[in-house]
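Chemist: First the structure, which I've put down as structure tokens, then a few questions once you've had a look.
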Amino acid sequence: MASIVETAPLVLDVGVVLTVAATMGFTARKLGLPSVIGYLLTGLLVSPFTPGFVADSNQLSLLADIGVVLLLFEVGIEIDLRRIGREQKALLWGAPTQVAIGLAIGTPVFLWLGIPLLGALLLALSIALSSSVVIVNITRSPRRTTNTETEEALLGWSVVQDVVGVAAAAIILTLFGASERPLALAIGGLIGFGLLAYVSSKILPMLLQIVRWEKDLFLIYSVSIGLVLAALGTVVFGIPMALAGFVAGLAINQSRDTEEVRKAILPFRDLFAVLFFVVIGSLIEPAQLAKAWPFALLMVLLLILLKTLPIALFARIGKLKVKKSQFAIGMSQIGEFSFVLGSLAYSEDALTRSQFTGVLMAVVISIIGSTLLVRKAPGSRSI
């Protein structure tokens, strides 16, 4: 067992980072900005690329992953996908079509820039996918201006995006020999995890019912169920952790105790989820910004052309009961799975260092832009 002397610096790291993040988030809110901006700046301040205090990136990443799982687990508990599927049917064809458009048009653009085919495909896919974590942050913000229908559509579209994105990434990586899993195994992983979630949905509510009056055990079971199912989804079945956490929540959302589970995990969710944005901010390397900004602006421009505008169009064609502008802007960021795809492209030498930094810059710019502009979007009434 590690001694106190060995673990104390790690505890100090987390304490300092959370204190700075809370202060920066508070300052951002006082300036009328989303707290997310403060969290991203905190990441830059504690990164190894800036002078002064440097946080343990591995530890922060672990805690951030826990936050992502609990964040999406809570959404899975609360959301009613069946009702959304009935009332917002355009989600089922709109999201796959939007991802396909991003791939079909984005790939030739990146090829024209001299990026190898694998990198071009992964970058195009990364632009097509949104951030589940940011979308949840938008729909849970105390200062949000979205209505219930828009919030549910944002979450539903994001889920369909993730499923399509996972399947597309599996096919691309397998075809280029960049995946450790054969295509059949990757697709089987999606099906297998779905079956695991279905079986869990029959067993776990009974377990929670048994311990519902034991508050401490109920809390432990609630948190551990989300973490275990999400981790199994990632480690065994190859599912992105955010999507796995969401599906884990779906597994128990028919239980009579779902509201109690949701309340139990809220403090942990809010505490750890902050670190997700801190980690994103800590990845930016200021020394590369001068070279990276043109590529970052191109990524943002393509995001608007290949995601924001198509989503707004499909929302209107599909007659989604949402605030159209808010809905399109709320989906307009490059997300956590996209960061993974960019990292894969970089590791396969399909991107230069400055291009990879440009991807990270685009992630940050799009997160800030979508969380800020979604409050200002025109159309305050549901149409």
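Chemist: Out of GLY94, VAL199, GLY165, whose Cα points farthest toward the positive end of the dipole of the range 63-222 (charges: +1 Lys, Arg; -1 Asp, Glu; placed on Cβ)?
Modeler: My answer, from the dipole projection, is GLY94.
Chemist: Which of LEU372, GLY119, LEU208 sits farthest toward the positive end of the charge dipole of the range 12-376, with +1 on the Cβ of Lys and Arg and -1 on the Cβ of Asp and Glu?
Modeler: In the range 12-376, that residue is LEU372.
Chemist: Can you give the local net charge around LEU283? Use residues other than it whose beta-carbon is closer than 14 angstrom to its beta-carbon, Lys and Arg +1, Asp and Glu -1.
Modeler: Within the 14 Å Cβ shell, the charges total -1.
Chemist: Please list the helices of the chain that count as membrane-span-like by this rule: a mean Kyte-Doolittle hydropathy of at least 0.5 together with Cα atoms stretching 18 Å or more along the helix axis, each helix being a complete DSSP H run. List each step's numbers first, then the result.
Modeler: Values: long enough: 4-30 (38 Å, 1.20); 57-78 (31 Å, 1.32); 90-112 (33 Å, 1.37); 148-175 (41 Å, 1.15); 183-210 (41 Å, 1.76); 215-235 (30 Å, 1.68); 258-282 (35 Å, 1.00); 289-303 (21 Å, 2.05); 353-376 (35 Å, 1.13).
Those that clear 18 Å and a mean of 0.5 are 4-30, 57-78, 90-112, 148-175, 183-210, 215-235, 258-282, 289-303, 353-376.
Chemist: Apply the a/c threshold of 1.5 to the C-alpha gyration tensor of the range 235-383 and tell me whether it is rounded, prolate or oblate. Before the final figure, lay out the partial values.
Modeler: Details: a/c = 1.91, a/b = 1.22, b/c = 1.57.
Judged from the Cα gyration tensor, the range 235-383 comes out oblate (a/c at least 1.5, b/c at or above a/b).
Chemist: Shifting gears a bit: Where does the chain land at 222 nm, in deg cm²/dmol rounded to the nearest 500, when only DSSP H runs of n ≥ 4 count, each adding -39500 (n - 2.57), divided by all residues? Each step should come with its number before you reach the end.
Modeler: Working: 17 runs with 290 residues, N = 383.
The per-residue figure over the chain is -25500 deg cm²/dmol.
Chemist: In nm, what is the difference between 0.36 nm times the number of residues separating THR27 and LEU175 and their Cα-Cα distance?
Modeler: Values: separation 148, 0.36 × 148 = 53.28 nm, distance 4.76 nm.
Separation in residues times 0.36 nm, less the Cα-Cα distance, equals 48.5 nm.
Chemist: Further, regarding this structure: What is the set of long-range amide H partners of THR145 at a cut-off below 5 Å, with H atoms built 1.01 Å from backbone N?
Modeler: Amide H neighbours of THR145, under 5 Å, 5+ apart: none.
Chemist: When a/c reaches 1.5 or more, the comparison of a/b and b/c decides; with that in mind, is the range 69-111 rounded, prolate or oblate per its Cα gyration tensor? Kindly include the intermediate steps, with their values, before the conclusion.
Modeler: Details: a/c = 7.31, a/b = 1.77, b/c = 4.13.
Oblate.
Chemist: On to the next question. Could you work out how far apart the two model spin labels at ASP80 and LEU297 are, taking each label as a point 7 Å from the Cα in the direction of the beta carbon, and quote it in nm?
Modeler: Between ASP80 and LEU297, the label points sit 4.8 nm apart.
Chemist: Right, something else. For the range 51-99, state which trypsin sites (Lys or Arg not before Pro) are in a DSSP loop and have at most 13 other beta carbons lying within 10 Å of their beta carbon.
Modeler: For trypsin sites (Lys or Arg not before Pro) across the range 51-99 that sit outside H, G, I, E and B with at most 13 neighbouring Cβ atoms in 10 Å, the list reads LYS89.
Chemist: Also: Of LYS307/LYS376; LYS30/LYS307; LYS30/LYS376; LYS319/LYS376; LYS202/LYS321, which pairs sit farther than 27 Å apart, going by alpha carbon to alpha carbon?
Modeler: Numbers: LYS307/LYS376 19 Å; LYS30/LYS307 31 Å; LYS30/LYS376 17 Å; LYS319/LYS376 22 Å; LYS202/LYS321 32 Å.
Where the Cα-Cα span goes over 27 Å, the pairs concerned are LYS30/LYS307; LYS202/LYS321.
Chemist: Right, here's the next one. Between ASN58 and LYS376, what is the label-point separation in nm under the 7 Å Cα-to-beta-carbon projection?
Modeler: Each label point is offset 7 Å from its Cα along the Cβ direction, giving 4.2 nm.
Chemist: Which Cα, out of PRO142, ILE187, ALA244, lies furthest along the positive dipole direction of the chain (beta carbon charges, K/R +1, D/E -1)?
Modeler: Result: PRO142.
Chemist: Over the chain, what relative contact order in percent results from Cα pairs under 8 Å that are six or more residues apart? Intermediate values should be presented prior to the final figure.
Modeler: Details: 605 pairs, mean separation 110.7, N = 383.
Relative contact order comes out at 29 percent.
Chemist: If you don't mind, another one. About its Cα centre, what dipole magnitude does the chain give when the only charges are +1 on Lys and Arg Cβ and -1 on Asp and Glu Cβ, stated in debye to the nearest 20?
Modeler: Working: 28 positive and 23 negative charges, 320 e Å.
Its charge dipole is roughly 1540 debye.
Chemist: Classify the chain: rounded, prolate or oblate, from the alpha-carbon gyration tensor (a ≥ b ≥ c, eigenvalue square roots; a/c under 1.5 rounded; otherwise prolate if a/b is larger than b/c)?
Modeler: Numbers: a/c = 1.29, a/b = 1.09, b/c = 1.18.
Note, shape of the chain comes out rounded.
Chemist: Roughly what would the spin-label model give for THR7 and GLU259, points 7 Å off Cα along C-beta, in nm?
Modeler: Using points 7 Å along Cα→Cβ, the separation is 3.8 nm.
Taken together, the values in this text are just the output of simple stated rules run on the coordinates, not laboratory data. All of these numbers come straight from a predicted model, not from anything done at the bench. FYI the Cβ positions are ideal-geometry reconstructions off the backbone, even for glycines, and counts take in every protein chain you see.
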